[in-house]
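The values are calculated or read from the model by the stated rules, or taken from the named source; none is laboratory data. Not measured: the values here are computed from a predicted model. Here the Cβ positions follow ideal geometry from the backbone for every residue, glycine too, while neighbour counts run over all protein chains shown.
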Amino acid sequence: MNAAVQRFDSRAWVLFAIMALVWGIPYLFIKVAVDSYSPAAMVAGRTLIGAILLLPFALRQSALRPAFSKIGWVLAFGAIEMAGPFLLLGHAEQTLPSGLTGLLVATVPLFAALIAFSGGDRSVLKPARAIGLLVGFAGVAVIVAGPGLAIEGGGGLIAVGEVLLVAVCYAIAPFIVAHKLKDVPALGTITLSLFAVGIFYLPIGLLTQHEVPTIDATVALVLLGVLCTAVAFIVFFALIKRVGPVRAPLFTYVNPVVAIILGTIILGEALTVGLLVGFPLVILGCWLAATGGTFRPREPDPAPQRDLDSELPPVAPG
């Protein structure tokens, strides 16, 4: 790709800012949506809205046929990246504050480093990355066990475990893409996965929806599907084309900041001592574990470059 394109010009910064917002705000919308939607109904609505909006783009780019050719791995990706995480997040946010949820999801780089190590990547043992793992998980411990955490007993701890399991799923999913779906356009994989997840959860959502949803919850659900799913992926593809797949995901370090600020201002969520102390530890740990302490992301090898449209984000929207 042209070097002039792979830099943060004014357009790239605008795209970066949009991504920091649209993938930092889902936790707020999920919190509002599950106030009167069941978690399964929320997942069905969000994924089907996103899939319908992305479908014209996928058809225009002829991205669905390659995805259908590897339908088994596409469904596996959808299960690990969307079906499990979206439901777990909805259930967890019936108990946890949205800002805390967004921060816990930000631990994805920590789990990704551990998964890479289990697969033979010994670079995780480098001092800076190893320290990052220790610091990051220490931050999680401070948040969960620290003073003032506004969760209710065992149910709250279960919800924390659910969100950390989401982070594990988000860390695993890119490995499926890298090894099994690397020749499938990302837009085809995502659109087909969203449809599959939405169709799977639709009857479950109908059976588990026992109250009339509020207007606020319905608006939040629609915004989840439109802004945080369809628009988010379209903007992310544009950002990849602008700055490359290595730099594009850097906005994920801003997402938990957005989640915490919005949760505090709009929902009145408390800024506990544990959260204030643990938050910088988690972010610092994730940065060290993912980058080894460098401010400039490692450039890909100059070997044959893949079409950037086939790259997937390392962290999906909440």
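The condition of being under 25 Å from residue 47 (Cα atoms) and either polar (S, T, N, Q) or at pLDDT 85 or above (or both) holds for only one of 278, 263, 268, 285, that being 263. Answer with yes or no whether residue 24 is under 21 Å from residue 168 (Cβ atoms), among the small types (Gly, Ala, Ser) and touching a Cys at 6+ places or on another chain (Cβ under 6 Å). For residue 24, the condition - under 21 Å from residue 168 (Cβ atoms), among the small types (Gly, Ala, Ser) and touching a Cys at 6+ places or on another chain (Cβ under 6 Å) - is not met.
Do you know which of the residues in the stretch 45-77 that are buried (at least 24 other Cβ atoms within 10 Å of the Cβ) and within 17 Å of the chain's Cα centre (by Cα) is farthest from residue 206 (Cα to Cα)? Among those that are buried (at least 24 other Cβ atoms within 10 Å of the Cβ) and within 17 Å of the chain's Cα centre (by Cα), it is 77. When residues in the stretch 38-61 are screened for being closer than 22 Å to residue 232 by Cβ and either in contact with a Pro (Cβ under 7 Å, 6 or more places away or on another chain) or in a loop (DSSP other than H, G, I, E, B) (or both), 1 of them pass.
Checking every residue in the stretch 80-95 against the condition of being out of contact with any His (no Cβ under 9 Å at 6 or more places or on another chain), within 28 Å of residue 178 (Cβ to Cβ), surrounded by fewer than 24 Cβ atoms within 10 Å (Cβ to Cβ) and free of Cβ contacts under 8 Å to residues at least 60 places away in the same chain gives zero matches. For the stretch 110-118, the condition of being of a type in the set (Val, Ile, Thr) and not in a helix (DSSP H, G or I) holds for none of the residues. Scanning the stretch 4-37 for residues that are assigned to a helix (DSSP H, G or I) and either more than 17 Å from the chain's Cα centre (by Cα) or within 17 Å of residue 239 (Cα to Cα) (or both) yields a count of 15.
Filtering 101, 107 for residues that are closer than 25 Å to residue 234 by Cα, at pLDDT below 95, touching an Asp or Glu at 6+ places or on another chain (Cβ under 8 Å) and surrounded by 17 or more Cβ atoms within 10 Å (Cβ to Cβ) leaves a single hit, 101. Picking from residues in the stretch 197-234 that are among the β-branched types (Val, Ile, Thr) and closer than 19 Å to residue 80 by Cα, the one that is surrounded by the most Cβ atoms within 10 Å (Cβ to Cβ) is 229. Is there a residue in the stretch 252-260 that is part of a helix (DSSP H, G or I), under 29 Å from residue 182 (Cα atoms) and modelled with pLDDT under 85? Within the stretch 252-260, one or more residues are part of a helix (DSSP H, G or I), under 29 Å from residue 182 (Cα atoms) and modelled with pLDDT under 85. Scanning the stretch 159-191 for residues that are over 17 Å from residue 85 (Cβ atoms) and surrounded by 19 or more Cβ atoms within 10 Å (Cβ to Cβ) returns 181, 184, 185, 186, 187, 188, 191.
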